[in-house]
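Bear in mind these aren't lab numbers, they're just calculated from the coordinates by the rules spelled out. This structure is a prediction, so every number in the text was calculated from the model and none was measured. Neighbour counts are summed over all protein chains in view; Cβ atoms, including those assigned to glycine, are modelled from backbone coordinates with ideal geometry.
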Amino acid sequence: MFLAVSLHLLEAQALNGLALGAILALAALGLTIVFGLLGFVNFAHGSLFMVGAYGGWVVYTKTGNFFLALPTALIVAFIVGVIVERILIRMYYRRPPEDQILVTYGLAIILVEISRAIFSSQTQLVSTPSWASGTIDVAGIYFPQYRVAVMGISAIALIAVYLVMFKTRIGLIVRAGIDDAVIVNILGINVNRTFLLVFALGAAIAGLAGIADAPLIAVNPDMGNDLLVQCFVVVVLGGVGSFFGAVLGGLVAGEIVSLTTAFNPDLSSVMLYVAMAVVLIVRPQGLLGVEGRT
């Protein structure tokens, strides 16, 4: 009986790990775009996750329509990304990483405190959309429909970003600008404007992940703190600047946290960092990263 129960629990946790991994992959993708393609260390990424969650929550509360909340979160985070990039971030692209860490850490505090002043520190519960409030039977396991929806939302967003970055002219310009910004400028392409779009896109992806995760974890000004650390772990696991690395790293991290929780919740985060340490020792560039991008 114990073995049967344990196997059933592990199967359920494996499914939960896929949902968590989908959110981590989506959130980490925004970070790896900025970190990998622009070479910029963004410690405000978790706060942009929070900003998107609040933007979506306000619309969801007012309208009751979760399908309106999703693009709202994306747009709000995109606009905030544009503002902070134009005012602050663009002056630090060529500065040392420690300067980037300090300025984005300070920016994160500012965004959190602004949100706290507007919405208070009270945690806001986000109800599950009515169309995803039930459960479905997955191989004998009753699994929440909304977690399946999260996987679907993340998959659609990941495909959309892939198409933009690898199948469009703007994606080609971005990747070329990273390798040699001077040559791209000589060709008459405004690299600074392109970098603005990349940073804002990374912020928008984080915001979308924020509202998608909101019904699972609720919304509060500090909700991005733990996620930021996990996103950096995902980027390290998958490989800096690797699109597919972010996806794989997110899924691996989600499964590690979820499966470890089945045995000992206190060890879930510890095992995630153990996995990161092992990857750094065995393959420093990450599972799918390119050597020289770490």
Quiz item: If you line up the long axis of helix 145-167 against the longest principal axis of the chain, both from Cα atoms, how many degrees apart are they, to the nearest 10?
Solution: 20
Self-check item: Relative contact order [Cα under 8 Å, 6+ residues apart], the chain, whole percent
Solution: 36
Quiz prompt | Isotropically averaged projected area of the stretch 23-70, using the convex hull of Cα atoms (one quarter of hull area), nm² | solution = 3.6
Quiz item: For the Cα atoms of the chain, what angle does the longest principal axis make with the long axis of helix 66-87, in degrees from 0 to 90, nearest 10?
Solution: 30
Quiz item: Against the longest principal axis of the chain, how steep is helix 97-119, in degrees 0 to 90 to the nearest 10, with axes from Cα atoms?
Solution: 60
Practice problem: Using Cα pairs closer than 8 Å and at least 6 residues apart in sequence, work out the relative contact order for the stretch 1-157, in percent. | Solution: 30
Exercise. Run through all the Cα pairs of the chain and give the fraction in each 5 Å bin from 0, expressed as whole percent.
Key: 1, 6, 11, 16, 18, 17, 14, 8, 5, 2, 1, 0, 0, 0, 0
Exercise. List I153, I75 from most exposed to least, where exposure is judged by having the fewest other Cβ atoms within 10 Å.
Key: I75, I153
Quiz item: With each pseudo-label sitting 7 Å past Cα toward Cβ, what's the Q122-Y142 distance in nm, one decimal?
Solution: 3.2
Exercise. Using just the helices of the chain, give the 222 nm mean residue ellipticity in deg cm²/dmol: DSSP H runs with n ≥ 4 each add -39,500 (n - 2.57), and the total is spread over all residues, rounded to 500.
Key: -25000 deg cm²/dmol
Quiz item: Put a dot 7 Å past each Cα toward the Cβ at L267 and N192; how far apart are the dots in nm?
Solution: 5.3
Practice problem: Could you grab the relative contact order for the stretch 45-110? Cα pairs under 8 Å, six or more apart, rounded to a whole percent. | Solution: 31
Quiz prompt | Between the stretch 135-161 and the stretch 198-242, the alpha-carbon center distance in angstrom | solution = 18
Quiz item: For the pair I87 and S130, how long in nm is the line joining their label points, each one 7 Å along Cα→Cβ?
Solution: 4.0
